[in-house]
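Since the structure comes first, as structure tokens, the remarks are kept for the end.
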């Protein structure tokens, strides 16, 4: 029975959390070292098992991009081992005293960072997520239950076995990182209703998966939803900066969530800016789609309503000329996905207004939206970039995989 | 049509948030003053309108406890006005720089506290929540939509009118605090699915309401669920402290969420403690229900499995004798509602283990569980005590009604 199978793994991971939360960071670090060694020693076996998944994917006519994500070669295995080394060196955030104070009655209150508990991770295709997700949850003293995509089942199963071996070698409970060894999609539905065992769920995959998890989970979801980011070129701008930033935000890596999808340009600078910008875009083979006012200045395709709503993840950019900064902010707050938004301006008041009034996890002045990234921010590693407004916003690193509790120390205080 | 009616109010509150977030704290404070004045001036009218609700409740044979909660008399109206004064004096947490740092490339990153957005508040019976909830959301620069219980509809409607009048008097948009003037329960269902407009939802009411909201809301829920709190009397304890704390935790106000429902007593001290404790409980007319070992020491009713799962909110206490601190912690982590848990001990290592290993929002050493309260903690006011693990944990004050964004200032940085 799939129900009792899933239930058993969730319950064991939930129980293992209480053991894990007693562990010291150096035990976790040694387990991470063991894992890196096991991965290195088993390179050939990993590639052999992975080849089965890849072959099946080819037989099932999966798209080549999907097959590419499936592949574990020496470079990728090396990447996983490097990631373990990075996470090992990060400081575990658990135990940080966020704030503390004393009451008049002498009670001492400490607000202390603690792990969340058991984290469910549902992911697609890339088998490296099995290790990436596990090491981040382990390092933050959370237990986890992993459910990977069926196309990577053989690779994921073997990586999970190595994980459990590394835990065992260090006298840690192998159930700490549960693995749902099934391709039955019912398993996901059961997970999403098991708030009794799972404290938070992280979907890692396409828009469909994120939406399904958000709408059906009964526990909090830390979601990495789409990034529909804007760059706004204000009238009081340094044209060189504006061209550099807008170009970088679109072209440097168009397929990622923090790339800019829509450019907003103040009418007073539109002609000067757009005429200089178009040749750069043409050279970079970016397809431009403009509003009516844009098309009066440069010859581009027409942008339709759905363009303002689209995360292209491609070399396509929509452009809108706005009359005021208000109009730009309104457009962003209406169409943006609250991910990363930038203004290019030399005007102090306009910059401050943009920083304050744009509702997004990361708001930039005179810099590319492409900087939103746990690694860039100095978090060392990230499990995704949250578009939630509550709990974790922006890059989700180790700290965002924790919550807090109040520790209150007294010497006999009772309430009057 | 109820759908378009609710949708319209939600959308207006959502749009009003963006205007509100530009306001200064002193404008909000002046609006709070206006509201206090309006309430004071309209005391007679409030009581007259409230009398209609009370009369209807009597006609409909509502329970006397429920009718009591409905009543707005001079004392309660005075209490609401006092609460406004308290909230006015609190510091608005918006704008606090939680942390900040500079990257090697010169980008300056600030993690800044910002309002959440639009908060939905669904509550039962007590009409004072209309004002209490509104002033906390306003002071933290959030907009809100209120949906009160049908039994208080006339009182709530009039209080909402006074709220809107106070906003208008200060040139604030009256839609900032939306009020669903309907007794149609469909309105709640529509709210719970409107994550497009509502960023977080706070249910304030009984277990049924909280459960319904948690299971059906598509946005994050800040929930004040039940408080099944324990006090554990360790073997190395000062008997006088243990008696005082256990008595206070049960008796001082048994009907509230932070009262203790189950007492755990270490076997080594059980005889001495329980024999001294029982007469105190008898005198306070507390009904005791004990495990087998408890009943070998004192003559009490038998505690059944369901007793460990019950929040009595009454003068009833279940008692379990445990062999070890491990057994006490395991019992708490199994049956507790992660609200408030206390240990009474003089043993350093036992105290630290309890603080670390018990999974609850507030963990006490040598103090009564009754202290978990936004007012006591120094938050000034609270909208409830969260039993969530993510976002807000424990007392929910103004700070817990905020989230954060990253403000990133550059001078032309692009990503390499």
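Any read-out appearing in this document is the output of simple, stated calculations on the displayed coordinates, not a laboratory observation. Just so you know, these numbers come straight off a predicted model, no measurement behind them. Note: ideal-geometry Cβ built from the backbone for every residue, glycine included; neighbour counts use all protein chains shown.
Given springs between every Cα pair under 10 Å in a Gaussian network model of chain B, which of B:178, B:374, B:208 has the largest fluctuation?
Taking springs between Cα atoms under 10 Å, the residue moving most is B:208.
Helix A:239-251 sits at what angle to the longest principal axis of chain A, using alpha carbons and giving 0 to 90 degrees rounded to 10?
Result, in degrees: 50.
Using a Förster distance of 22 angstrom, determine the FRET efficiency expected from the C-beta separation of residue B:98 and residue A:25, and round it to 0.05.
For R0 = 22 Å, the calculated efficiency reads 0.35.
Inter-copy label distances at residue A:52, 7 Å along the Cα→beta-carbon direction, one decimal in nm, shortest first?
Result, one decimal in nm: 7.3.
Give the whole-number value, in cubic angstrom per residue, of the convex hull volume spanned by the C-alpha atoms of region A:352-393. It would help to have the intermediate numbers written out before the result.
Details: hull volume 3.6 nm³, N = 42.
Considering the Cα atoms of region A:352-393, their hull volume per residue is 85 Å³.
Give the value in nm², to one decimal: projected area of the alpha carbon convex hull of region A:321-380, averaged over all directions. Mind dumping the intermediate values first?
On the way: hull surface 17.6 nm².
Orientation-averaged projected area of the Cα hull: 4.4 nm².
Per Stokes-Einstein, at 25 °C and 0.890 mPa s, what whole-number D in µm² s⁻¹ belongs to region A:73-210, with the Kirkwood radius over Cα pairs as the hydrodynamic radius?
Working: Rh = 16.6 Å.
In µm²/s, the coefficient is 148.
Could you tell me the largest-minus-smallest coordinate of the C-alpha atoms of region B:248-346 on each of the three principal axes, in descending order and whole angstroms?
Principal axes ranked by extent give 32, 29, 29 Å for the Cα atoms.
Just checking the output field for B:391-402: average partner chain Cβ neighbours within 10 Å of each residue's Cβ?
Values: counts 7, 4, 6, 5, 1, 0, 0, 0, 0, 0, 0, 1.
Per residue, the number of nearby Cβ atoms from other chains is 2 on average.
Give the nm distances, rounded to one decimal, from residue B:293 to the matching residue in every other copy, measuring between label points 7 Å along Cα toward the beta carbon; shortest first.
Going from nearest to farthest copy, the values are 7.7 nm.
Along each of the three principal axes of the Cα atoms of region A:287-416, give the extent in whole Å, ordering the values from largest to smallest.
Here the Cα extents, ordered largest to smallest, are 77, 31, 27 Å.
Suppose we keep just the alpha-carbon trace of region A:240-281; what are its Rg and Dmax in angstrom?
Gyration radius and largest Cα-Cα distance of region A:240-281: 10.6, 31 Å.
Which residue is it, in chain A, whose C-beta lies closest to the A-to-B rotation axis, and what is that distance in whole Å?
Here the value is A:391, 2.
Take residue B:183 and residue A:91, extend 7 Å from each Cα along the Cα→Cβ direction, and tell me the distance between the two endpoints in nm.
Calculated label separation equals 5.9 nm.
Fewest Cβ neighbours within 10 Å first, please rank A:159, A:70, A:136 accordingly.
On the way: A:159 30, A:70 20, A:136 27.
By the 10 Å Cβ count, ascending, the order reads A:70, A:136, A:159.
How big, on average over all directions, is the shadow cast by the Cα convex hull of region A:144-226, in nm²? Write down the numbers at each step before the final one.
Working: hull surface 23.0 nm².
About 5.8 nm², averaged over all directions.
Work out, in µm²/s and without decimals, the Stokes-Einstein translational diffusion coefficient of region A:47-144 at 37 °C, 0.692 mPa s, Rh from Kirkwood over C-alpha pairs.
Details: Rh = 16.6 Å.
Calculated translational D: 197 µm²/s.
Please compute, for peptide A:354-363, the average count of beta-carbon atoms on other protein chains lying within 10 Å of each residue's beta-carbon.
Working: counts 1, 7, 8, 4, 3, 8, 2, 4, 5, 7.
Going residue by residue through A:354-363 and averaging, the value is 5.
Sort A:176, B:325 so that the residue with the fewest other Cβ atoms within 10 Å of its own Cβ comes first and the one with the most comes last. Let's see the in-between values first.
Values: A:176 26, B:325 23.
Exposure proxy ranking, most exposed first: B:325, A:176.
Restricting attention to the alpha-carbon atoms of region B:178-290, what are Rg (one decimal) and Dmax (integer), both in Å?
Reported Rg and Dmax, both Å: 21.0, 59.
Which of the three applies to the protein assembly as shown, rounded, prolate or oblate, going by the alpha-carbon gyration tensor with a ≥ b ≥ c and a/c under 1.5 meaning rounded? Let's see the in-between values first.
Details: a/c = 2.04, a/b = 1.21, b/c = 1.69.
Judged from the Cα gyration tensor, the protein assembly as shown comes out oblate (a/c at least 1.5, b/c at or above a/b).
Helix A:43-59: angle to the longest alpha-carbon principal axis of chain A, degrees 0 to 90, nearest 10?
Helix A:43-59 and the main axis of chain A meet at about 60 degrees.
Mind sorting B:391, B:339 by how few other Cβ atoms lie within 10 Å of their own Cβ, fewest first?
Details: B:391 21, B:339 25.
Placing the least packed residue first, the sequence is B:391, B:339.
Compute the separation of the alpha-carbon centres of region B:251-302 and region B:183-229 and state it in Å as a whole number.
36 Å
Sort out for me the Cα centre separation of region B:146-166 from region A:140-162, rounded to whole Å.
If you average the Cα positions of each part, the centres end up 52 Å apart.
For chain A, modelled as a GNM with alpha-carbon contacts under 10 angstrom, which of A:245, A:201, A:109 fluctuates the most?
The residue that fluctuates most here is A:109.
Rg(Cα) of region A:289-328 divided by 2.2 N^0.38 Å?
1.18
Considering only the label points, 7 Å along Cα→Cβ from Cα, what distances in nm to one decimal separate residue A:79 from the same position in each other copy, shortest first?
Ordered by increasing distance: 6.1 nm.
Arranged from highest to lowest average of other beta-carbon atoms within 10 Å per residue, in what order do the peptides B:160-167, B:7-14, B:124-131 appear?
Details: B:160-167: 20.9, B:7-14: 19.4, B:124-131: 23.6.
In decreasing order of mean packing, B:160-167, B:7-14, B:124-131 become B:124-131, B:160-167, B:7-14.
Could you work out the per residue convex hull volume over the alpha carbons of chain B, in cubic angstrom? Working shown, then result.
Numbers: hull volume 73.9 nm³, N = 416.
Once divided by residue count, the hull of chain B is 178 Å³.
Which of these, B:356, B:29, B:216, has the largest mean-square fluctuation under a Gaussian network model of chain B (Cα springs below 10 Å)?
It is B:356.
How far, in degrees from 0 to 90, does helix B:325-335 lean away from the longest principal axis of the Cα atoms of chain B, to the nearest 10?
40 degrees
Taking Cα centroids, how far is region A:374-416 from region A:99-121 in Å?
Comparing the Cα centres of region A:374-416 and region A:99-121, I get a distance of 11 Å.
Would you calculate a helix-derived [θ] at 222 nm for chain B, using -39,500 (n - 2.57) for each DSSP H run of n ≥ 4 and dividing by the full residue count, to the nearest 500? Walk me through the numbers on the way to the answer.
Numbers: 16 runs with 188 residues, N = 416.
About -14000 deg cm²/dmol.
Please list the three semi-axes, largest first and in whole Å, of the ellipsoid equivalent to region B:41-83, using sqrt of 5 times the eigenvalues of its alpha carbon gyration tensor.
21, 12, 5
Counting only other chains, and only Cβ atoms inside 10 Å, what mean value do you get across the residues of A:240-250?
Values: counts 1, 5, 1, 0, 3, 5, 1, 1, 5, 2, 0.
Across A:240-250, the average partner-chain Cβ count within 10 Å equals 2.
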